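Colleague: I have a structure I would like to understand better, so I am pasting it below and will then ask my questions one at a time.
The values are calculated or read from the model by the stated rules, or taken from the named source; none is laboratory data. Since the model is a prediction, treat every value here as computed from it, not as a measurement. For neighbour counting, all protein chains shown are included, and Cβ atoms are generated from backbone atoms with ideal geometry for every residue, glycine included.
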Amino acid sequence: MTSETVSPKRRRRFSWIRLLGVVIAVLIVVQMISEYSTYNQLKNEVEHYQQQLALAEAEYQEVVEKQELLNNDSYVERLARDNLGMVKEGEVRVTLVKSSTDSDSDNNSMQE
């Protein structure tokens with residue numbers, strides 16, 4: 001049989017099968033592209049959440065360290081003395097105040 005003797009019906013059927021195969025291949029490619037896009041989006045979200053997790057863990061560690069410091073009596077005492085001006089019983093708080101004569105002498109020395 002030569003190509004000329006092939007019936008037109010058989011030739012048309014072959015074209016429909018080929019067309020069906022191409023359509024299926026296109027649909028598969030479109031689905032793969034869609035899946036790849038979704039994969040990339042999810043991958044970016046995972047990276048974002050991993051960065052947020054790292055920041056949260058760092059903040060948590062900082063809070064734990066501060067909590068440990070606050071459990072230390074000498075640290076709390078130092079904070080009370082430095083920030084609140086507290087003193088122990090029997091101690092006297094001394095505050096140095098710059099007098100006006102000191103500032104006048106500083107101004108005079110700057111002018112000379």
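Colleague: Only one of these conditions is not met by residue 75: (1) at pLDDT below 85; (2) in contact with a helix residue (DSSP H, G or I) (Cβ under 6 Å, 6 or more places away or on another chain). Which number is it?
Modeller: The number of the failed condition is (1).
Colleague: On the given criteria, is residue 27 part of a helix (DSSP H, G or I), modelled with pLDDT under 95 and surrounded by 10 or more Cβ atoms within 10 Å (Cβ to Cβ)?
Modeller: So residue 27 does not fit the description; no.
Colleague: Kindly provide the set of residues from region 78-103 that are modelled with pLDDT of 60 or more, surrounded by 10 or more Cβ atoms within 10 Å (Cβ to Cβ) and outside any loop (DSSP other than H, G, I, E, B), ordered by number.
Modeller: Scanning region 78-103 gives 78, 79, 80, 81.
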